[in-house]
1. Which of the residues that make up segment 106-128 are under 18 Å from the mean Cα position of the chain (by Cα) and exposed (fewer than 10 other Cβ atoms within 10 Å of the Cβ)?
2. Would you call Ile89 closer than 22 Å to Arg27 by Cα and out of contact with any Phe, Trp or Tyr (no Cβ under 9 Å at 6 or more places or on another chain)?
3. Residue under question is Lys37, and the condition is that it be modelled with pLDDT of 60 or more, in a helix (DSSP H, G or I) and exposed (fewer than 11 other Cβ atoms within 10 Å of the Cβ); does it hold?
4. Pull up segment 118-151, narrow it to residues that are among the hydrophobic types (A, V, I, L, M, F, W, C) and assigned to a loop (DSSP other than H, G, I, E, B), then point me to the one that is modelled with the highest pLDDT.
5. Out of segment 73-117, which residues are assigned to a helix (DSSP H, G or I), within 24 Å of Leu3 (Cβ to Cβ) and not hydrophobic (A, V, I, L, M, F, W, C)?
Amino acid sequence: MKLFYSIIILILSTIGLQKLVACVVGRLNKKIKGSFKRLKKYISDSKTNIEELKISGEKFKEEIGNFLLLEKKKEELGIITCIIGWLEILLFVFLTIALVKIDNILFVEKFKILSTIIMGWIALKIFGNYYQWSGTILGRSTFYIFLIGTIINILGAILIGFSVAYSFF
């Protein structure tokens with residue numbers, strides 16, 4: 001019966017964590033999208049020359065194209081992001097449970113193992129999405145939103161893993 005309860009709690013907390021991350025990342029993305037649209041409108045309304053803004057015309061056009069492409073990709077392939085988020089949460093939940101239940105390793109060693117895997121995972125995600133963050137206008141903000149979402153996922157998964165490991169196993 002304990003296993004059943006732990007599975008139910010794991011599923012519900014994973015769904016809640018995924019919803020939390022989607023809400024936070026969605027709000028941040030809307031703010032960036034609004035800022036980008038205002039910048040685009042400012043340039044067209046004020047008839048300001050792009051060169052006066054010290055923005056390379058080609059770079060700005062490329063950034064607009066990348067932004068529109070990114071929005072289209074989110075519409076078409078949003079399910080992949082959700083699947084990766086679920087897998088990320090489950091990976092770190094089960095990793096945390098496994099590390100908690102191993103008795104012959106010191107806590108410091110468990111922490112080193114967990115932090116190494118976390119850093120490796122984040123590095124893989126960074127390298128995989130580098131082109132998305134290399135833009136001059138939206139690059140850093142998109143990167144920080146990604147980083148915030150990933151950190152919330154990982155920390156939440158670790159908390160879920162600890163609570164399930166100590167409560168039910």
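1. Hit for segment 106-128 is Phe127, nothing else.
2. On the way: closer than 22 Å to Arg27 by Cα: yes; out of contact with any Phe, Trp or Tyr (no Cβ under 9 Å at 6 or more places or on another chain): yes.
Answer is yes for this residue.
3. Values: modelled with pLDDT of 60 or more: yes; in a helix (DSSP H, G or I): yes; exposed (fewer than 11 other Cβ atoms within 10 Å of the Cβ): no.
Answer is no for this residue.
4. At the first step, the residues of segment 118-151 found to be among the hydrophobic types (A, V, I, L, M, F, W, C) are 118-119, 121-124, 126-127, 133, 137-138, 143, 145-148, 151.
Applying the additional criterion that residues be assigned to a loop (DSSP other than H, G, I, E, B) yields 137-138.
Values: Ile137: 65, Leu138: 71.
Selected residue: Leu138.
5. Step one: filter segment 73-117 for residues assigned to a helix (DSSP H, G or I), giving 73-101, 107-117.
Going one step further and asking which of them are within 24 Å of Leu3 (Cβ to Cβ), we end up with 86-101, 110, 114.
Glu88, Thr96, Lys101, Lys110, listed by residue number.
The values are calculated or read from the model by the stated rules, or taken from the named source; none is laboratory data. Remember, predicted model here, so these are calculated numbers, not experimental data. All Cβ positions, glycine included, derive from the backbone under ideal geometry; neighbour counts span all protein chains shown.
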